[in-house]
Amino acid sequence: MGGGDTCSSDDDEEEQRHEPPLKRMKLSSPHQDSRRQHHNLLAPFPLLSPRQSSSLYRSPKPHESLGMGPPIESQMMGSKKQIRRVEFVRIITQALYSLGYSRAAALVEEESGVPLQLPVVSDFRREVLDGRWEESVATLAKIGPLLDETHKLAAFLILQQKFLELLVDRGDVLGALRTLRTEISPLGVNRQRVHELASCVVCPTRGDILEKVEWKGSDTEARMALLEKIQALLPPHIMIPERRLEHLVEQALAVQREGCIFHNSAETALSLYTDHQCGRDQIPTETVQVLEAHDNEVWYLQFSRDGRHLASASKDCTAIIWEVVDDDFVRRKHTLAGHHKSVSFVAWSPDDSMILTCGTEEAVKLWDTATGECKHTFQKASHGFTSCAWFPDGKTFVTGAVDKCMYRWDLSGAELEVWKPRMPRIIDLAVTPDGNNVVCICHDKDIRVFNLEDKTERLIEEDHSITSLSVSLDGRYLLVNLVSQEIHLWDMALNSRSPCKYKGHRQGRYVIRSCFGGSDHAFIVSGSEDSQVYIWHRGNGELLEVLPGHSGTVNCVSWNPSNPHMFASASDDHTIRIWGLSSTKRDRHRRSSAAAPTPKSNGGISHIVNGGTRELLENLRPF
């Protein structure tokens with residue numbers, strides 16, 4: 001009986017050796033699956049026994065490769081045969097683990113014969129996550145081959161974590177000092193950081209240590225962050241960068257989005273099912289409303305930072321605050337009267353609760369946007385101001401004056417600083433979003449950027465006179481209009497010597513203002529002396545749209561920062577036009593037509609419907 005059993009066992013083993021690998025591998029028991037899923041909370045990779053890891057990380061035999069072709073290591077896939085099959089399988093496996101699909105990921109490894117990582121790498125990850133620092137340093141030496149510098153840098157990160165956990169979590173000062181002297185210092189890496197760690201020993205509280213060395217702590221999340229730092233040092237074929245598949249997909253979507261010249265959507269997510277391509281109908285090209293409350297030329301307008309209000313300034317010596325309702329419809333909220341001369345500039349405070357107005361040879365006035373009340377008047381004897389801009393704190397602002405100086409004020413009217421740059425009269429100015437720079441232009445051909453931190457000045461020279469400027473919301477780009485009928489875009493981060501150029505509009509006699517607009521600032525839009533509005537693609541400079549409608553010079557445009565399908569234009573024809581999508585116009589027409597009250601006077605607001613003009617219905621009338 002004993003001999004028969006032995007023979008049967010030998011036969012079974014012989015049969016198993018000739019079976020396909022799928023039959024030789026056994027699925028984990030439910031208990032093992034439970035443990036694997038528990039560990040998945042700590043890391044997106046499986047825990048395999050040494051025997052399993054060893055068998056998984058073998059090269060497939062010729063008869064095991066898919067399709068009986070060449071070994072899987074050399075197989076290429078994709079329509080252009082540019083994707084290595086092994087790499088593709090591994091990043092799919094990694095993605096499954098990161099999503100929490102541990103059993104599915106393990107099956108992919110098992111069926112493909114392609115392990116996610118070397119057994120030694122699995123051991124290393126587990127040791128780091130468990131805080132077994134001596135073991136992890138020893139295992140690190142087995143991963144490779146690695147450059148000596150790479151090995152030292154990775155070991156330094158591990159031992160730094162060990163030092164801080166001993167010092168902060170355990171209060172083991174002697175153990176921490178021993179680690180610093182006998183393990184970290186001998187590596188000869190980052191001496192400055194070693195000194196910072198040593199100074200932590202005398203820090204009085206845990207909070208002081210966390211602040212001093214920017215330590216994330218000792219929980220699972222912090223140790224995962226440590227692994228990511230180590231992973232960045234190691235070759236990617238040893239440890240695949242975290243969330244690699246997600247990163248590749250995001251790259252592909254970004255390329256598609258950047259290649260779509262009409263992309264202008266409030267939705268940030270793109271579908272993975274089809275290639276992305278927007279149509280021209282995503283650009284607002286239809287006049288959906290005409291605002292006629294001003295009695296003279298409208299020189300300036302600007303949407304509030306939250307996109308819920310619009311402010312306009314006119315030659316009629318008033319400014320008007322308009323309220324945006326229903327995302328695409330505007331109604332008058334306050335008329336700001338009090339200036340004795342033309343108002344040519346408005347500036348919203350960072351929180352939109354206040355607004356500044358000013359004009360040539362006029363004072364600057366501060367208004368409460370909720371009530372329309374004038375809170376303060378800022379003025380200098382014998383001269384006025386040309387422009388103004390807020391600092392990010394919302395407590396101070398800067399003004400450009402006709403005396404060739406710039407003044408910084410607080411809200412009480414106190415004059416805090418005076419800058420006297422050597423330049424002609426200041427025409428326009430802006431403050432970068434970080435508050436570190438003031439950018440200004442004049443009748444001359446140069447742009448001056450004043451750094452308030454280091455007190456330096458940067459000069460950007462143009463070949464023709466500049467009339468206006470605009471700074472992007474991220475502070476990187478500077479947009480200027482020139483009398484040469486060009487708009488130039490300067491990248492201040494790159495310190496480029498040549499700008500991107502946008503052409504086609506008309507400008508030679510008047511101040512014309514352009515702005516950034518659309519989703520991710522994808523477009524440049526500008527007024528023009530030929531009574532039209534021009535829209536370009538910011539990236540490639542292509543002229544996309546020329547929009548008629550106004551009957552006088554279009555002086556200024558402003559794109560709603562919270563609605564990529566809405567912008568406004570101001571003209572010498574005394575009107576402001578609100579532009580939107582054609583579908584928006586049809587929806588508005590259907591809603592207006594559904595109401596039956598008799599139209600009444602609307603205080604200078606016209607609603608454009610199917611190319612005609614009709615007054616707003618009573619239920620939409622704001623006053």
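Please treat every number below as a calculation from the coordinates, not as lab data. None of the values given here were measured: they were computed from a predicted structure. Counting neighbours? That spans all protein chains shown, and the Cβs are built from the backbone with ideal geometry, glycine included.
Annotations
- Stretch gain in nm, segment C374-K404, where the contour uses 0.36 nm per residue and the Cα spacing is subtracted: 8.1 nm
- Cβ-Cβ FRET estimate between E415 and E246, R0 fixed at 56 Å, reported to 0.05: 0.60
- Two-site label geometry, E457 and A493: point separation in nm, points 7 Å out along Cα→Cβ: 2.8
- Sparse packing (at most 13 other Cβ atoms within 10 Å of the Cβ) combined with a DSSP loop state is found for the following chymotrypsin sites (Phe, Trp or Tyr not before Pro) in region 250-340: Y273.
- Violating pairs (Cα-Cα greater than 29 angstrom) within the set K395/K503; K404/K503; K152/K216; K375/K445; K420/K501; K333/K395: K395/K503; K404/K503; K375/K445; K420/K501
- Cβ-Cβ FRET estimate between I83 and E542, R0 fixed at 22 Å, reported to 0.05: 0.10
- Near-label residues of region 167-181 by backbone N, under 13 Å of a point 7 Å along Cα→Cβ of S199: none
- For region 464-575, the square roots of the Cα gyration tensor eigenvalues, ordered a ≥ b ≥ c, give a/c of at least 1.5 with a/b no greater than b/c, which places it in the oblate category.
- Förster radius 30 Å - calculated FRET efficiency between R425 and Q485, Cβ distance, rounded to 0.05: 0.85
- Loop GluC sites (Glu not before Pro), region 442-493 (other Cβ atoms within 10 Å of the site Cβ: 12 or fewer; DSSP): E453
- DSSP-loop trypsin sites (Lys or Arg not before Pro) across region 103-201, with at most 13 other Cβ within 10 angstrom: K142, R170
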